[in-house]
Amino acid sequence: MISNIRFKTKIVVIGAGQAGLSAAYHLKRSGMKIGRDFIVLDDAPGPGGAWQFRWPSLTLSTVNKIHDLPGMSFSDSLIANEPTVQANLAVPHYFDLYEQKFDLQVFRPQRVERVTMSHDRFHMDATSVRLSAAGIINATGTWQNPYIPYYPGAALFEGEQLHTRDFKSADRFIGKHVVIIGGGISAIQLLDEISRVTSTTWVTRTPPVFQNGPFDDAAGHHAVAMVENRVRNGLPPLSVVSVTGLPYSPEVQDMERRGVLNRLPMFTSITPTGVKWDDGSEIQADCLVWNTGFKSALQHLQEILPVESTGGIRMAGRLATMVESNPRIHLVGYGPSASTIGANRAGAAAAMELRKTLGLI
């Protein structure tokens, strides 16, 4: 139930993951006072963004690169150089230290349920407060909006269906046949772990493309630029990995040797006991693990966001964080800034451009 506690401020930052903390850092660095000029809300119980919910077996040695937040290196965290430390502990610890170092007070847990606009201001209903602001930097990312595509027969499946975000340990699958669905990095990681304890089948919509060369910063920025071009044209964003391909890592090479990378094309229907293709072939399965990604968590903004007929939001600004039709709304963690490669730069750009739009520069 929303309480009668009310705040009036200039800017509200919604979300305190990588992009949200970056935006808050740059707002404060510009001279704005937290609590008076801007407020940061986050619906998670503690620091760490989506990292705090990742599966325990994801360690610093297996995760993709952790990009530094502005003004403080990840290596400054005492456990950052311990490769066996769980990522869901190490990254939240780093974010916690970061919030403390720069005195970035985050109000949590505060889930923004609805945003409306009236009298040239945004009005927000959160878990226990009501707020109004002249501008919004939305940094809610994607973790809260997992995507599972519809396939005929899904409701009839008698086994278990999970999404990536539900995964905790491969041990729960011992003795079961598991179908791993998806061609992204998370699918590869879960296929690796689950195939070590039980039998698996891997299916993807399109053939996976493995990147033989190094995935350096130049390649990352190139991928981000391609996703950025889509959102500037009002098209739904694609994931960065769909552009870059998959790293041909030692883990992938080991999976190849073990024979678990024998990918099959996507099935066309789901039966009570497995999955089926158009040619009539069928595989029995006890569990379907959907590694089919996430969509931007923007449900709370649906009353103020103009969606194009293409299904996307037309973005503008230096790094495509600004909603073209309303420059007082910035989306960081949408499109090109959905990866940690682009989140920091997007936070800085959004903070600067929104201040300019509001006449605070």
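The values are calculated or read from the model by the stated rules, or taken from the named source; none is laboratory data. Since this is a predicted model, take the numbers as computed values, not measurements. Glycine gets a Cβ as well: all are built from the backbone with ideal geometry, and neighbour counts include every protein chain shown.
Below are the figures for this structure:
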{"read-out": "Out of 353, 303, 308, sole residue that is modelled with pLDDT of 95 or more, acidic (Asp, Glu) and either more than 26 Å from residue 28 (Cα to Cα) or surrounded by fewer than 17 Cβ atoms within 10 Å (Cβ to Cβ) (or both)", "value": "303"}
{"read-out": "Yes/no for residue 282 being in contact with a Lys or Arg (Cβ under 6 Å, 6 or more places away or on another chain), more than 30 Å from residue 313 (Cα to Cα), surrounded by 14 or more Cβ atoms within 10 Å (Cβ to Cβ) and modelled with pLDDT of 75 or more", "value": "yes"}
{"read-out": "Spans of strands (runs of 3 or more DSSP E) in the stretch 1-117 with at least 1 residues buried (at least 21 other Cβ atoms within 10 Å of the Cβ)", "value": "11-14, 38-41"}
{"read-out": "Residue within the stretch 282-290 that is in contact (Cβ under 8 Å) with a residue 24 or more places away in the chain, of a type outside the set (D, E, K, R) and at positive phi present", "value": "no"}
{"read-out": "Residue count for the stretch 326-347, restricted to those that are out of contact with any strand residue (DSSP E or B) (no Cβ under 8 Å at 6 or more places or on another chain) and modelled with pLDDT of 95 or more", "value": "1"}
{"read-out": "Any hit, the stretch 164-187, residues being farther than 19 Å from residue 9 by Cα, in a loop (DSSP other than H, G, I, E, B) and among the polar types (S, T, N, Q)", "value": "yes"}
{"read-out": "Residues located in the stretch 238-276, provided they are more than 19 Å from residue 208 (Cα to Cα) and either at pLDDT below 95 or in contact with a strand residue (DSSP E or B) (Cβ under 8 Å, 6 or more places away or on another chain) (or both)", "value": "269, 270, 271, 273, 274, 275, 276"}
{"read-out": "So residue 289, is it under 21 Å from residue 183 (Cα atoms), among the β-branched types (Val, Ile, Thr) and under 23 Å from the mean Cα position of the chain (by Cα)", "value": "yes"}
